[in-house]
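S.K.: Here's a structure for you.
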Amino acid sequence: MTEKLAEMTKDQLIKIVDQLQNEKKEQAKKDNASVYEHLSKVDVSKFVDKKNGLNYLSWAKAWGLVKSIFPDASYKLREYPYYTQTADGNYQQIGTHDYLRTEYGVEVEASVTIKGETYSSKLYVMDFHNRALDPKKVTYFEINKTQMRALTKALAFAGLGLNIYAGEDLPSNDEKTPQRKERVTEQELIEKARKSRTQYGGDNELVTDIVGLEIDGDKQANAFLNHWCEKDKKNKNLYKFIMKNQLATHGMKIGA
């Protein structure tokens with residue numbers, strides 16, 4: 001093998017190196033995809049707890065599930081450098097903390113590594129209204145709970161329970177991460193659309209009635225709905241939903 005390499009030209013060697021690097025990148029992509037595909041297919045519903053109408057996946061259960069599938073998985077908490085001011089006015093690092101106190105709050109970060117790929121999540125220690133707690137009053141107990149929520153969120157980024165994971169964490173009394181409520185059914189969306197109202201012609205009218213007027217050829221209703229949809233994306237989505245599901249009603253007369 002060594003003799004064959006010695007006989008190769010520089011361009012041939014470069015081509016081989018590039019090929020090996022590309023193969024390595026492709027394998028890394030496959031490994032990463034397999035992690036997400038595997039974890040995203042795990043049914044976590046039987047491990048979810050409920051509290052105050054929300055679904056919770058505890059960090060212990062989430063981590064246990066991942067370790068059962070990928071035994072080599074590991075996690076760590078970010079260490080932030082800790083400085084003190086010296087007699088000459090300079091700052092010197094004297095160690096690290098697994099949290100960072102800032103003027104805005106206390107920040108933590110957790111990361112998990114699975115098959116060489118790292119997923120991380122950064123959170124502030126918050127109260128029950130999703131507001132960062134006063135950094136001077138935050139306890140280490142609160143810091144530890146937030147670190148575990150950050151770990152659960154990092155695991156969600158890797159695919160575990162991502163389908164029910166809430167985009168924003170809501171602090172809780174125990175070491176659990178709040179999850180998204182169960183999805184609204186299409187029938188519930190239809191009922192909501194049928195009850196939606198907006199100001200039209202001086203009155204609070206059903207949107208389905210205004211759409212009905214437009215369908216019947218009312219130019220005033222058409223002009224109103226064009227402006228109404230342009231004003232807010234939610235309005236446009238509601239209009240499309242009404243049209244798609246044929247929810248238009250005819251409770252108003254043309255010119256009303």
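S.K.: Taking only the stretch 100-123 into account, find how many residues are buried (at least 22 other Cβ atoms within 10 Å of the Cβ) and over 28 Å from residue 34 (Cα atoms).
M.R.: Selection size over the stretch 100-123: 2.
S.K.: Of the residues in the stretch 80-126, how many are in a loop (DSSP other than H, G, I, E, B) and either touching a Gly at 6+ places or on another chain (Cβ under 7 Å) or of a type in the set (D, E, K, R) (or both)? Talk me through it step by step, then tell me what you get.
M.R.: Of the residues in the stretch 80-126, the ones in a loop (DSSP other than H, G, I, E, B) are 86-90, 98-99, 102-105, 115-116, 125.
Still in the running and either touching a Gly at 6+ places or on another chain (Cβ under 7 Å) or of a type in the set (D, E, K, R) (or both): 88, 98, 103, 115, 125.
Result for the stretch 80-126: 5.
S.K.: For the stretch 126-145, give me each residue that is crowded, with 16+ Cβ neighbours inside 10 Å and either aromatic (Phe, Trp, Tyr) or touching a residue at least 40 places away in the same chain (Cβ under 8 Å) (or both).
M.R.: Once the filter is applied, which keeps residues that are crowded, with 16+ Cβ neighbours inside 10 Å and either aromatic (Phe, Trp, Tyr) or touching a residue at least 40 places away in the same chain (Cβ under 8 Å) (or both), the stretch 126-145 yields 126, 143.
S.K.: Out of curiosity, is residue 35 β-branched (Val, Ile, Thr), more than 17 Å from residue 114 (Cβ to Cβ) and modelled with pLDDT under 90?
M.R.: no
S.K.: For the stretch 207-256, give me each residue that is among the aromatic types (Phe, Trp, Tyr) and farther than 19 Å from residue 191 by Cα.
M.R.: Selection gives 224, 228.
S.K.: Looking at 247, 155, 206, 189 in this structure, which one is surrounded by 12 or more Cβ atoms within 10 Å (Cβ to Cβ), under 30 Å from residue 46 (Cβ atoms) and either at pLDDT 90 or above or over 24 Å from the mean Cα position of the chain (by Cα) (or both)?
M.R.: Answer to the check: 155.
S.K.: Filter the stretch 214-235 down to residues that are aliphatic (A, V, I, L, M) and in contact with a helix residue (DSSP H, G or I) (Cβ under 7 Å, 6 or more places away or on another chain) and give me whichever is nearest to residue 198 (Cα to Cα).
M.R.: Ranking the candidates gives 225 first.
S.K.: How many residues are within 15 Å of the chain's Cα centre (by Cα) and under 24 Å from residue 71 (Cβ atoms) when one looks only at the stretch 111-137?
M.R.: Summing the residues that are within 15 Å of the chain's Cα centre (by Cα) and under 24 Å from residue 71 (Cβ atoms) in the stretch 111-137 gives 3.
S.K.: Out of 55, 22, report the one residue that is closer than 18 Å to residue 146 by Cα and either β-branched (Val, Ile, Thr) or modelled with pLDDT under 90 (or both).
M.R.: The conditions single out 55.
S.K.: Another question, if that's okay. I'd like to verify a number: residues in the stretch 53-88 that are touching a Ser or Thr at 6+ places or on another chain (Cβ under 8 Å) and among the acidic types (Asp, Glu), how many?
M.R.: Qualifying residue count, the stretch 53-88: 1.
The values are calculated or read from the model by the stated rules, or taken from the named source; none is laboratory data. In this text the structure is predicted, and so the values were computed from the model without any measurement. Note that we place each Cβ from the backbone using ideal geometry, even for glycine, and neighbour counts take in every protein chain shown.
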